[in-house]
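Heads up: the structure comes next, in structure tokens.
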Amino acid sequence: MPVRQLSEAVVNRIAAGEVVERPASVVKELVENALDAGAKRIDVLTDGGGRRLIRVTDDGAGMTRADLDLCVERHATSKLDGDDLLAIHTLGFRGEALPSIGSVARLTITTRHKSEPHAWTLTVDAGDKSDIKPAALGEGTTIEVRDLFYATPARLKFLKTDRSEGEAVREVVRRLAMSRPDVAFTLAGEDRAPVTWSAAGEEEPLMRLGDVLGADFRANAIAIDAERDGVRVEGFAGLPTLSRANSLGQYMFVNGRPVRDKLLVGAVRGAYADYLPRDRHPVLALFVTLPTSEVDVNVHPAKTEVRFRDSGLVRGLIVSALKHALVREGQRAASTGGGATIAAFRPVTMARRAPYDWRNSPSRPTPWSPTHGNVALGFEEAAQAAFDVGAPSADARVESFAPNAELIEQPLGAARAQIHETYIVSQTRDGLVIVDQHAAHERIVYERMKAALDKSGIARQILLIPEIVEVDEGDASRLVARAADLERFGLALEAFGPGAVAVRETPSMLGDVDVRGLVTDLAEHMAEWDDSLPLERRLLHVSATMACHGSVRAGRRLKPDEMNALLREMETTPNSGQCNHGRPTYVELKLGDIERLFGRR
């Protein structure tokens with residue numbers, strides 16, 4: 001087949017395949033153009049998930065008649081001052097977006113520059129460019145894209161449902177709105193009520209993030225701000241106890257450009273490795289700023305990935321900035337725990353008030369049921385069902401005692417009672433705290449173990465009689481292969497025939513530990529490791545597993561002095577607001593919230 005020159009229409013449609021993947025791609029290009037034009041208000045309207053209509057209106061600088069005529073031509077752009085592709089100071093620079101969109105849809109551009117007496121309009125229908133005509137419009141630009149991909153019907157088959165495409169559009173606008181809190185955004189469509197994000201001032205950096213990510217993020221966010229060798233990282237990160245099952249709550253920006261970069265995602269995972277299990281992900285918004293010569297934004301057609309000249313510097317700065325911030329706020333637990341507890345209650349409504357005779361009170365608690373007679377309980381049934389796990393495994397009696405008045409002024413207050421021999425109830429000056437004794441002590445033991453490793457190593461205790469633990473042959477070989485690493489943690493073991501290991505020493509700080517359970521859990525964790533997992537992450541897994549086995553177990557009755565000692569140690573232990581698995585160690589209820597439950601406020 002001979003070589004031939006492709007027509008302009010075919011070239012534009014090929015370029016459209018790179019730039020215009022779906023309606024959300026069109027919205028991204030058009031909104032970025034509006035931001036580069038200096039817009040302070042951007043309105044986005046979609047219909048059919050963007051397939052039937054996309055309209056983006058802005059109050060930016062607009063274009064002159066000559067610029068409008070040139071903007072739909074190939075390789076024409078206003079985003080570059082010269083020929084240096086590394087000197088990119090705008091969101092867009094490729095120049096193919098508008099002609100590519102016009103080659104597969106019906107594109108109408110109406111714009112007015114302040115130097116023009118009136119607006120001008122231009123239409124591109126499947127690549128056919130119309131004459132420029134006068135139009136009525138205030139200063140700014142309005143771009144309409146109708147019947148997307150009607151000129152390439154095969155592309156329509158790859159679009160998802162209108163709801164899915166509309167959600168992708170919403171996510172694109174959310175990311176761009178987070179990157180520019182000084183710009184007001186409005187998103188409307190046939191499948192949603194209009195959403196408006198008002199412009200926020202520089203003195204309120206959390207306002208826009210809270211509007212987009214929710215009030216929970218605003219209440220549980222940690223400020224991030226670090227700089228090194230011309231690279232700056234700032235933004236906000238959620239507490240480890242405010243986590244999700246996926247990484248969709250992580251928003252990264254490089255020089256104001258929303259990106260999804262593997263390097264940045266890996267840095268975040270590494271920073272939270274000491275706080276969250278592998279199946280939980282933090283919620284955060286990080287903004288990386290560095291000289292344009294140090295980053296290449298032209299490595300992906302959709303500009304969602306970047307390449308750093310010094311990737312080690314960027315990754316190290318993100319990890320250290322997040323770790324320092326998490327240590328600084330390590331004793332905080334997410335306020336969502338207390339909010340969820342309050343939400344589990346509702347005002348008691350009684351259809352009939354039954355007389356109560358204390359002499360008829362049963363001598364022991366009766367099994368819980370959603371209703372008792374005609375009296376509705378004070379829990380939402382769905383919330384209460386989560387606690388209906390049958391008979392308690394521990395003693396359900398509550399042992400209360402008088403508080404120490406001096407301790408009430410402490411951050412975690414003074415212990416008042418132990419419930420189900422698992423939870424400590426503490427009274428503070430303006431509320432109460434409920435502590436999970438096992439989770440709290442697990443974090444304390446974990447931090448002790450890390451501190452001992454950094455200093456002189458973990459002290460060991462020799463077993464009088466070695467403990468023989470039978471495991472799978474594969475698990476036994478993995479344990480023996482990691483014997484040197486385990487010995488650093490005070491656990492000395494050796495092979496004892498096929499499918500068994502002999503444990504001779506255990507960490508002294510764990511006390512009387514269940515050796516069989518500890519070794520079995522370690523073997524299960526090691527089976528999930530791979531060669532790519534860093535040594536530091538492996539050692540953290542070992543520390544967390546040992547801390548879990550060496551902590552105060554649920555079901556153990558504590559004395560008042562022991563409870564208060566645990567509270568005081570939590571106040572001085574780093575990261576005591578969450579256990580090694582990312583769960584909160586305590587829930588705090590403010591007195592005002594409790595009073596609202598009973599109608600006192």
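The values are calculated or read from the model by the stated rules, or taken from the named source; none is laboratory data. In this text, all values refer to a predicted model and were calculated from it rather than measured experimentally. Using ideal geometry, Cβ is built from the backbone for each residue, glycine included, and neighbour counts are taken over all protein chains shown.
Selection of strands (runs of 3 or more DSSP E) fully inside the stretch 409-520 by the criterion of at least 1 residues being in the same structural domain as ALA565 (by TED's automatic domain parsing) and β-branched (Val, Ile, Thr) returns 414-419, 423-428, 431-436. Tally the residues that are assigned to a loop (DSSP other than H, G, I, E, B) and not hydroxyl-bearing (Ser, Thr, Tyr), restricting the search to the stretch 256-280. Qualifying residue count for the region: 10. For the stretch 288-300, the criterion of being in a strand (DSSP E or B), assigned by TED's automatic domain parsing to the domain that holds GLY238, under 23 Å from the mean Cα position of the chain (by Cα) and hydrophobic (A, V, I, L, M, F, W, C) is met by at least one residue.
On inspection, PHE149 passes the criterion of being over 22 Å from the mean Cα position of the chain (by Cα) and under 21 Å from LEU45 (Cβ atoms). Which members of the stretch 230-277 meet the condition of being among the basic types (Lys, Arg) and under 13 Å from the mean Cα position of the chain (by Cα)? ARG244, ARG269, listed by residue number. A single entry from ASP182, ASP211 fulfils the requirement of being under 17 Å from the mean Cα position of the chain (by Cα) and either at pLDDT below 95 or not in a helix (DSSP H, G or I) (or both): ASP211. Here ASP211 fits the description: closer than 17 Å to ALA285 by Cα, of a type in the set (Asp, Glu) and in contact with a strand residue (DSSP E or B) (Cβ under 8 Å, 6 or more places away or on another chain). Summed over the stretch 95-151, the residues that are hydrophobic (A, V, I, L, M, F, W, C), more than 21 Å from ARG74 (Cβ to Cβ) and in a loop (DSSP other than H, G, I, E, B) give a count of 2.
Of all the residues that make up the stretch 565-601, how many are over 29 Å from the mean Cα position of the chain (by Cα) and among the aromatic types (Phe, Trp, Tyr)? Counting residues in the stretch 565-601 that are over 29 Å from the mean Cα position of the chain (by Cα) and among the aromatic types (Phe, Trp, Tyr) gives 1.
For the stretch 5-48: of the residues being of a type outside the set (Val, Ile, Thr), assigned to a loop (DSSP other than H, G, I, E, B) and touching a helix residue (DSSP H, G or I) at 6+ places or on another chain (Cβ under 8 Å), which is modelled with the highest pLDDT? Among residues in the stretch 5-48 that are of a type outside the set (Val, Ile, Thr), assigned to a loop (DSSP other than H, G, I, E, B) and touching a helix residue (DSSP H, G or I) at 6+ places or on another chain (Cβ under 8 Å), the one modelled with the highest pLDDT is ARG22.
Checking each residue in the stretch 134-152 for being surrounded by 20 or more Cβ atoms within 10 Å (Cβ to Cβ) and of a type in the set (Asp, Glu) picks out no residue at all.
The single residue among GLY92, GLY82 that is crowded, with 19+ Cβ neighbours inside 10 Å and at pLDDT below 90 turns out to be GLY92. The numbered conditions (1) without any contact (Cβ under 8 Å) to a residue 40 or more places away in the chain; (2) over 30 Å from GLY48 (Cα atoms); (3) in contact with a helix residue (DSSP H, G or I) (Cβ under 6 Å, 6 or more places away or on another chain) are all true for TRP197 except (2).
Is there a residue in the stretch 217-226 that is in a helix (DSSP H, G or I), under 17 Å from ARG174 (Cα atoms), in contact (Cβ under 8 Å) with a residue 60 or more places away in the chain and among the hydrophobic types (A, V, I, L, M, F, W, C)? Among the residues of the stretch 217-226, at least one is in a helix (DSSP H, G or I), under 17 Å from ARG174 (Cα atoms), in contact (Cβ under 8 Å) with a residue 60 or more places away in the chain and among the hydrophobic types (A, V, I, L, M, F, W, C), which makes the answer yes. Mind listing just one residue for me: the one in the stretch 438-469 that is of a type in the set (D, E, K, R) and surrounded by 14 or more Cβ atoms within 10 Å (Cβ to Cβ) and, of those, nearest to ARG557 (Cα to Cα)? Of everything passing the filter in the stretch 438-469, GLU442 is nearest to ARG557 (Cα to Cα). Restricted to the stretch 542-601, and to residues there that are in a loop (DSSP other than H, G, I, E, B) and aliphatic (A, V, I, L, M), the residue that is modelled with the highest pLDDT is LEU558.
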